[in-house]
1. For region 140-172, state which trypsin sites (Lys or Arg not before Pro) are in a DSSP loop and have at most 11 other beta carbons lying within 10 Å of their beta carbon.
2. With the Cα gyration tensor of region 137-178 giving a ≥ b ≥ c as the square roots of its eigenvalues, does the rule (a/c under 1.5 for rounded; else a/b larger than b/c for prolate; else oblate) give rounded, prolate or oblate?
3. With r defined as the distance between the Cβ atoms of N84 and N111 and R0 fixed at 35 Å, what FRET efficiency is calculated, to the nearest 0.05?
4. Full-extension gain between A75 and T120, please, as 0.36 nm times their residue separation minus the C-alpha to C-alpha distance.
5. For K161, give me every one of the lysines with a C-alpha distance below 29 angstrom, ignoring sequence neighbours fewer than eight places off in its own chain.
6. From the P(r) of region 49-132, can you give the percent of Cα pairs sitting at distances over 14 Å?
7. Can you give me the long-range amide H partners of Y80? Hydrogens built in the peptide plane at 1.01 Å from N, cutoff under 5 Å, separation of 5 or more residues or another chain.
Amino acid sequence: MTGAAATAAAMLLAGCNGLSNGSASTGNDSSGQSDGAGTNQAADQSTQAPAPPKIKWTLMTMSTKKLGRIMVNGAGMSVYRFDNDTASPPASKCLGACAKKWPPVTIHTTNLVLKGFDATLLGRIKRADGTWQLTLHGWPLYTYAGDTKAGIWKGQGLQGKWFVAAANGARAIAKKPAASSGAGSSGSTSSGGSGSGGSSGGDSGDSGGYGGSGY
């Protein structure tokens with residue numbers, strides 16, 4: 001987590017959850033007396049520390065082997081961006097039936113709980129239905145209805161326009177496997193040539209998607 005993100009998250013946690021130091025009751029009665037039973041009760045209470053509240057993240061990052069560090073929501077579901085949208089100015093082109101298939105990441109409060117990325121990149125836009133949608137580096141954020149559980153990204157590369165969002169708002173692109181060792185010099189030259197061509201066509205390769213890939 002960057003310094004800015006850590007500071008923002010800490011402030012928001014304090015403001016949103018109102019975390020206290022967990023002070024316990026003394027166990028004394030109203031008269032101020034404290035007999036043996038009361039002392040034992042107080043001792044029992046002092047040893048039972050309150051359970052920490054479960055943090056409800058709004059957005060956070062997750063490290064993956066195939067896509068690197070990606071954005072996920074509080075439930076761990078992959079977060080996407082749409083190439084038909086615009087980042088400057090931020091605007092969503094996913095409406096109606098599109099928004100049902102790709103639900104926008106919306107918020108109802110500005111007390112967000114964030115983790116693992118630069119919080120200064122986060123923004124919001126007002127959609128036609130009046131809801132506020134989060135943006136990352138200007139790009140509106142979505143989840144995908146086809147992702148039935150955390151840890152998958154079946155929407156990656158669909159239509160050649162939908163991509164999981166990286167921590168900086170850019171497309172998360174699958175890492176290419178390292179070249180096998182022991183190749184001859186001629187094979188190495190051939191590999192380099194194909195690698196150059198593959199680089200120029202990387203986006204089209206992503207259009208097939210990496211559906212079902214896990215973290």
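Computed from the coordinates by the stated procedures, all read-outs in this text should not be read as laboratory data. Computed from a predicted structure; not experimentally measured. Neighbour counts are summed over all protein chains in view; Cβ atoms, including those assigned to glycine, are modelled from backbone coordinates with ideal geometry.
1. Filter output for region 140-172: K149.
2. Note, shape of region 137-178 comes out oblate.
3. Efficiency at R0 = 35 Å is approximately 0.70.
4. Length gained, A75 through T120: 14.0 nm.
5. Within the straight-line cut-off, K161 pairs with K65, K66, K93, K100, K101, K115, K126, K149, K175, K176.
6. 71 percent
7. Residues meeting the amide H criterion: Y142, T143, A165.
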